[in-house]
Amino acid sequence: YKDPNLHTMTFRLENDEFSQDDDQSVEKARQFQAYVIPDVSTFYQEPLGSREKKKPSFGGFGMKFINLSPKTIALFWDDRKGGMEIANVGPFQAVGTATFSSHTFFCKDKTSKNPDEILQKFPMHYGQNLYVYDAFALGHANSKDLNKQEIALYKLQYENLQFGELYKNFTGREWLALYPSKPKPIYPMWNADYFGQEHWVATNQVHYLEEPPSSLLKMVTERELRRRHDGTSTSDLDLSLEPYRAKEKYLNLTLKVLSCAPRVFEIQNFLSHAEVDHIVHMATGIKMKVSSTSAGGSGSNRHEDSSTRTSKNSWVDRNKSPIMDTVYARAADVMQFDEALLRTRDYNEEQRFKEAGINHRQSNGEYLQLVHYERGQQYTPHHDFTYPNTNTIGQPERFSTLILYLNEGMTGGETSFPRFQNAHTTDKLAVTPETGKAILFYDVLPDGNMDEFSQHAAERVVAGEKWMINLWTWDPSRGY
């Protein structure tokens, strides 16, 4: 399957070679399948050009900072009090953070003779996501002094920046990934062609209608997980659990498009009340800790501002209980890939997935993250993707985010997408939590680029409390 909005981009980079063909110089043109966002009118199933895109009232965006230097550089946000350190960015690495056009960043070399000297300032501009400290262009470094490994990284980033300019001219969007290291996703992605579009999934991971006794809810071994899903027989454990599950052979779920860019889908009744009760019961027995936001890049040492996220969370593995295993397997069906990708695989399974480019046995899904927001708590607009280490093969990255709501009735607490593309409002898309409901959105585009529009927030809880779980999947591997 090829996404209809992938278009062939033919180009040549600065140092590409020429070949002789019929005594004429013919450039060895490269090709890339680039994602071009459709005209906003199509989101309403209306003729091209019949509607005009609204500019979001939210003025924030994500910035990517590239350190084009052989030294580790400290990145600071200018708080007008001397600067707040955001990250230490390694040579030829990248880091990202949320920002606004009113912000300014600057960088320093803390190992130099003048550690307080500002090397370069970076005023933020709405519509510009990429900012580069180029030590060579500024005369702060000389390419002749680089070793073999540094030269390779320099050439990689230099070529990536060239490609990024061409990509932006072709698509209108910044290239936030790493060319040519980042491939397009190996997983399928649901189309989001217009608001209200629906997709249907029939899964054999039917609901639990009643919570089984604790004797049946013990940790599930890796061997038992494989047996539960190999399709050859019904395990003794499943036979014991059948009386507590729905009698229907399949659970029918509907994915409804809430946003086309980013692609956001609502899934009602993903969890039953019994499953919700089980998850919350496990959560209350787990020691909670204050959440911290994820690092902005594997090539950096990042410092976080705790005011951006004030919830509490903990992590639960698929093996924790048969019900948790069911949640993972159901999620895999909704996301259109094999449940084995969300658990550790044996040798035979590893061989089966090698053709798809997955050359490891570990899970491509993270542990379920259980999050509890009390009154006054929130998570300000952010992205779930980060920037992998430049040296990492395949540039593994978070591919999708699945949020499962465990309660409702609070005031506030919506999941919002403040930059969703549309032609009818400048306001954010706000999804109200409902018990058992899920929302799915993608952190990347079909061409492998990060989706800048996937910036989202957990709105402040004004009254009551909020319980939810996150499931993040990785493509092409779990890179942490």
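The values are calculated or read from the model by the stated rules, or taken from the named source; none is laboratory data. Here the structure is a predicted model, which means the values were calculated and not measured. Every residue, glycine as well, gets a Cβ built from its backbone with ideal geometry; the counts of neighbours run over all protein chains shown. Just the protein is used for accessible areas: all its heavy atoms, side chains included, with ligands, DNA and RNA removed. Shrake-Rupley method; radii C 1.70, N 1.55, O 1.52, S 1.80 Å.
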- Greater than 23 Å apart at Cα, pairs in LYS64/LYS108; LYS54/LYS437; LYS64/LYS110; LYS55/LYS108: LYS54/LYS437; LYS55/LYS108
- Cα-based shape type of the range 159-238, given that a ≥ b ≥ c are square roots of the gyration tensor eigenvalues and the cut on a/c is 1.5: prolate
- Nearest 0.05, what FRET efficiency do LYS54 and ILE118 give at R0 = 56 Å with Cβ-Cβ as r? 0.90
- Message: Students often forget the sequence filter, so: which lysines lie under 16 Å Cα-Cα from LYS184 once same-chain residues fewer than 8 apart are removed?
- Response: LYS2
- Query: Order of 232-243, 96-107, 57-68 by packing, highest average Cβ count within 10 Å first?
  - Reply: 57-68, 96-107, 232-243
- Item | For the range 394-437: span of alpha carbons on each principal axis (Å, largest first) | 43, 31, 13
- Hey, what number do you get for the chain at 222 nm if only DSSP H runs of n ≥ 4 count, each worth -39500 (n - 2.57), divided across all residues, to the nearest 500? -4500 deg cm²/dmol
- Item | Protein accessible area in the chain, 1.4 Å probe - carbon and sulfur % | 48
- Message: Just the number please: accessible area per residue for the chain, 1.4 Å probe, all protein chains included, in Å².
- Response: 46
- Query: Which FRET efficiency, nearest 0.05, do VAL36 and ALA152 yield, Cβ-Cβ r, R0 25 Å?
  - Reply: 0.20
- In nanometres, what is the gap between the two model label sites at LYS256 and THR232, each 7 Å from Cα along Cα-to-Cβ? 4.3
- ³J(HN,Hα), Karplus 6.51/-1.76/1.60, whole Hz, each residue of the range 359-375, x for Gly, Pro: 10, 7, 9, 6, 5, 8, x, 7, 4, 5, 9, 8, 10, 10, 10, 8, 3
- Message: Please report the spacing between the Cα centers of the range 113-183 and the range 41-70 in Å, no decimals.
- Response: 22
- Message: Would the range 84-184 count as rounded, prolate or oblate if I go by the C-alpha gyration tensor, calling it rounded below 1.5 in a/c and otherwise prolate when a/b exceeds b/c, oblate otherwise?
- Response: oblate
- Note on the structure: With a ≥ b ≥ c from the Cα gyration tensor eigenvalues, square-rooted, and the rule rounded for a/c under 1.5, otherwise prolate when a/b > b/c and oblate otherwise, the chain is prolate
- Give the long-range amide H neighbours of LYS64: residues separated by 5 or more places, or on another chain, with amide H under 5 Å away, using H modelled in the peptide plane at 1.01 Å from N. LEU130, TYR131
- Message: So for each of 168-180, 112-124 I average, over its residues, the number of other beta carbons within 10 Å; can you give me the resulting order with the highest mean first?
- Response: 168-180, 112-124
- Rounded to two decimals, the Rg over Rh value of the range 365-419 from Cα coordinates and the Kirkwood Rh reads 1.04
- Note on the structure: For the chain, averaging the sequence separation of alpha carbon pairs under 8 Å that lie six or more residues apart and dividing by its residue count, the contact order in percent is 18
